[in-house]
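Reviewing the structure listed below.
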Amino acid sequence: MREQDIAESELVTRRGRFRSVAFRDQPGGHEHLALVHGTRVREDVLVRVHSECMTGDIFGSTRCECGEQLDAALDAIVDEGSGILVYLRGHEGRGIGLVEKVRTHILQDEQGLDTVDSAVRLGLPVDVRDYTPAASVLRYLGVRSVRLMSNNPDKIRSLEAHGIVVTARVPLLVRPSADNIAYLTAKRDRLGHDLPQLEGFVRGGGGA
C-alpha cells in the first residue's frame, strides 16, 4: 500500500476511541476506512469487513440488516476491547451501485422478485464485490489471522485467497422482521449465507 494512498488519525466516537485508517485501493479508486480499536493484536483479531450500504447504514432501512450488523459489529469490537472494522466503499447493492440497487427495489416491490432475480432481470451481476482492499489493509495493519464477523462463506474464502487466515467465523445474526424476511431468505437460499435465525419465523411479526 503506497504512502500517498493512506492516512491515519484518531477518531473519537460515541462508542469510544478508534484509530481511523483511510485508504485507496488504487490510484483514483474507491476510498475505504478501517477503524482500529484497542491495543494492536496480530493473531485471532476480531474483524468485521462491512460492505457499504447507504440505505441501511445511514438511513436505517429495514429492507436489509446492514445497518444493524454494522452497529452490532462495532459494539462487539468495543466489548472485546480490541478489533477492526473495515468499511468498504463501492459495494453498494453487492457492487452494482446505488442507482441500480434502487431499480432492483422497484422490481422487488412491484413484481415480487427477490434480491437475486431483480438484479438478473436488469442484466446486472448478482455479486461483484472485491475484498482485496480489506486484505490489503489488514496486512498493512500487521494482522496475520482473524475471527471474522460474517454470515457469508464467500467472504471467508476471498480473504483466505488473499493471504488472511480466518481462524473462526463469528455469526452476526439480526432478528428478522416482516420488512426483511424475503431479503434474508434469498440470501440464505440463493447466496448461501448462514442464517439460522430464520427458522420458524412467521412473516408478519415473529417466531413460530
Mind checking whether some residue in the range 32-51 is within 14 Å of the chain's Cα centre (by Cα) and of a type in the set (D, E, K, R)? yes
Could you tell me whether the range 132-154 includes any residue that is of a type in the set (D, E), farther than 17 Å from R63 by Cα and at pLDDT below 95? yes
Over the range 1-30, the set of residues within 15 Å of G90 (Cβ to Cβ) and in contact with a helix residue (DSSP H, G or I) (Cβ under 6 Å, 6 or more places away or on another chain) is F23, R24, D25
Output the residues belonging to the range 76-91 that are surrounded by fewer than 20 Cβ atoms within 10 Å (Cβ to Cβ), in a helix (DSSP H, G or I) and within 15 Å of the chain's Cα centre (by Cα). A76
Using the structure shown, decide if Y140 is more than 15 Å from Q69 (Cα to Cα) and within 15 Å of the chain's Cα centre (by Cα). no
Name the strands (runs of 3 or more DSSP E) wholly inside the range 1-52 in which the number of residues that are touching a residue at least 12 places away in the same chain (Cβ under 8 Å) and aromatic (F, W, Y) is 2 or more. 16-24
Scan the range 38-48 and give yes if some residue there is under 25 Å from D154 (Cα atoms), surrounded by 16 or more Cβ atoms within 10 Å (Cβ to Cβ) and either at pLDDT below 95 or of a type in the set (D, E, K, R) (or both), otherwise no. yes
Looking for whichever is touching a strand residue (DSSP E or B) at 6+ places or on another chain (Cβ under 9 Å), among the basic types (K, R), closer than 20 Å to V116 by Cα and modelled with pLDDT of 95 or more here; the options are R89, R94. Which one fits? R94
Only one of (1) closer than 20 Å to A73 by Cβ; (2) surrounded by 18 or more Cβ atoms within 10 Å (Cβ to Cβ) does not apply to K101, and that is (1)
Would you pick out the residues in the range 111-130 that are farther than 13 Å from K187 by Cα and among the acidic types (D, E)? D130
What is the residue count in the range 154-192 for residues that are surrounded by 14 or more Cβ atoms within 10 Å (Cβ to Cβ) and either under 15 Å from the mean Cα position of the chain (by Cα) or not charged (D, E, K, R) (or both)? 24
Inspect all residues belonging to the range 16-28 and state whether any of them is among the aromatic types (F, W, Y), over 20 Å from S158 (Cα atoms) and crowded, with 19+ Cβ neighbours inside 10 Å. yes
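The values are calculated or read from the model by the stated rules, or taken from the named source; none is laboratory data. Note that the structure is predicted; figures quoted are calculated from it, not measured. Here the Cβ is made from the backbone with ideal geometry for all residues, glycine too, and neighbour counts use every protein chain on show.
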